[in-house]
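The values are calculated or read from the model by the stated rules, or taken from the named source; none is laboratory data. Note that the structure is predicted; figures quoted are calculated from it, not measured. With ligands, DNA and RNA removed, areas are computed over all heavy atoms of the protein, side chains included. Shrake-Rupley method; radii C 1.70, N 1.55, O 1.52, S 1.80 Å.
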Amino acid sequence: MALTTADHLFRLYIMMFTSISSKEDSITSAGAAVESYLVECGMSHAEAVRRRDEIMLSHGV
């Protein structure tokens with residue numbers, strides 16, 4: 001459940017941040033937000049980073 005939500009959050013954050021910053025900054029911000037969310041859900045930091053990277057790659061970034 002957390003991974004599906006993280007994936008949706010990433011897409012939402014990209015759309016939101018792109019309207020107020022550059023594409024690179026919006027990707028960085030969205031990635032950080034997703035990583036933070038996964039850690040808050042109880043995932044280890046290392047696992048959250050790995051999952052964040054998987055999510056970002058699945059969206060072609």
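Counting only heavy atoms of protein chains, what accessible area per residue, in Å², does the chain have with a probe of 1.4 Å?
Using a 1.4 Å probe on heavy atoms only, each residue of the chain averages 63 Å².
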Stretch gain in nm, segment Ala2-Ser44, where the contour uses 0.36 nm per residue and the Cα spacing is subtracted: 13.8 nm
Helix-only [θ]222 nm of the chain, DSSP H runs n ≥ 4, -39500 (n - 2.57) each, per residue, nearest 500: -26500 deg cm²/dmol
Whole-percent carbon and sulfur share, accessible surface of the chain, 1.4 Å: 61
Cα gyration tensor shape of the chain, rounded if a/c is under 1.5, else prolate or oblate by comparing a/b with b/c: prolate
